[in-house]
Amino acid sequence: MFVKYKPKRNLLQTILHTEILQGMALTMRRLFSRPITRQYPDEEIPVALGFRGQHALVRDPETGGSTCVACMRCATVCPSRCIRIRFHDEESRRVVDSYDIEALRCVYCGYCEEVCPVNALVLTEIFEYAAYSRDPFHFTREDLLANWDRFVEERHIDRETYVNPFWRPRGMPEGRLPAAKRLPVPSDWTLEGQVVGAGYDQQ
Ligand code: SF4
Ligand code: SF4
């Protein structure tokens with residue numbers, strides 16, 4: 001059933017159409033006030049601290065590949081089931097054969113990067129990756145490593161000192177963090193500041 005909204009108006013409002021005057025007054029006020037809109041894409045938009053954007057696998061400067069150890073924690077914790085990892089055992093360690101993320105199914109909860117014991121995965125601050133088809137949103141391991149390269153280049157991030165706030169969940173005692181999550185943190189890094197990388201322009 002369609003219910004028509006009928007606002008209550010008094011006689012004066014009906015005769016003088018005061019809403020029009022109110023609207024005009026608002027328009028005039030806004031006309032001379034400082035604009036709050038940004039001229040995107042001509043004007044750069046700073047991302048909010050802790051923004052979770054395009055997925056990336058951190059490139060290991062020593063091996064040139066990913067530091068993922070195929071522990072499967074990210075794939076297990078992912079509520080969208082959009083991470084698929086294939087691996088094989090080699091002596092006493094696992095070797096990743098493929099690592100895929102269906103980004104269109106991702107809800108950007110950040111659980112995957114939070115649970116990764118070796119900080120191999122990150123949701124970068126990159127948000128400009130629109131496309132006209134689904135295919136570009138299927139990230140293979142190579143795509144994810146390329147995403148990291150792009151992130152490093154665009155944000156002028158120092159790989160050695162980069163720290164993602166979601167690698168260190170709030171409230172987690174230092175001693176309970178895996179060693180890899182403790183070691184790369186610079187001495188001036190604080191949870192409150194949510195420093196996301198050396199050289200990164202904070203707001
Ligand atoms: S951010 Fe959440 S939904 Fe997206 S891949 Fe990670 S765990 Fe899955
Ligand atoms: S949690 Fe980290 S190390 Fe484990 S499979 Fe995922 S990306 Fe690899």
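The values are calculated or read from the model by the stated rules, or taken from the named source; none is laboratory data. Everything quoted here is computed from the prediction, not taken from an experiment. Here Cβ is always computed from backbone atoms with ideal geometry, including for glycine, and neighbour counts include all displayed protein chains.
Each row is one residue, and each column tells you yes or no for (1) β-branched (Val, Ile, Thr); (2) away from ligand 1 (no atom under 13 Å from the Cβ).
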| position | (1), (2) |
| --- | --- |
| 48 | no, yes |
| 80 | no, no |
| 84 | no, no |
| 88 | no, yes |
| 115 | yes, no |
| 122 | yes, no |
| 126 | yes, yes |
| 136 | no, yes |
| 140 | yes, yes |
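Counting only helices (runs of 4 or more DSSP H) that sit wholly inside segment 1-117, those with at least 2 residues that are closer than 30 Å to residue 172 by Cβ, touching a His at 6+ places or on another chain (Cβ under 9 Å) and within 12 Å of ligand 2 (Cβ to nearest atom) are 111-115. For segment 90-107, the tally of residues that are modelled with pLDDT under 95 and within 15 Å of ligand 1 (Cβ to nearest atom) stands at 0. Output yes when any residue across segment 46-59 is out of contact with any Lys or Arg (no Cβ under 6 Å at 6 or more places or on another chain), over 20 Å from residue 118 (Cα atoms) and β-branched (Val, Ile, Thr), and no when none is. The answer is yes; a qualifying residue exists.
Among the conditions (1) within 16 Å of ligand 1 (Cβ to nearest atom); (2) in contact with a Pro (Cβ under 9 Å, 6 or more places away or on another chain); (3) in contact (Cβ under 8 Å) with a residue 40 or more places away in the chain, the only one that residue 111 does not satisfy is (3). As a summary of the residue check, residue 43 satisfies the conditions (1) in contact (Cβ under 8 Å) with a residue 40 or more places away in the chain; (2) surrounded by fewer than 11 Cβ atoms within 10 Å (Cβ to Cβ) except for the one numbered (1). For residue 201, state whether it is at pLDDT 90 or above and acidic (Asp, Glu). No.
Taking every residue in segment 139-168 that is in contact (Cβ under 8 Å) with a residue 12 or more places away in the chain and more than 15 Å from residue 119 (Cβ to Cβ) and pairing it with any residue that is in a loop (DSSP other than H, G, I, E, B) and among the acidic types (Asp, Glu), at least 6 positions away or on another chain, the pairs with Cβ-Cβ distances below 7 Å are 155/125.
Reported count of residues in segment 118-141, each being within 15 Å of ligand 2 (Cβ to nearest atom), over 17 Å from the mean Cα position of the chain (by Cα) and either within 15 Å of residue 50 (Cβ to Cβ) or not in a loop (DSSP other than H, G, I, E, B) (or both), is 1. Would you call residue 147 among the polar types (S, T, N, Q), more than 24 Å from residue 172 (Cβ to Cβ) and surrounded by 13 or more Cβ atoms within 10 Å (Cβ to Cβ)? When the stated conditions are applied, residue 147 passes them.
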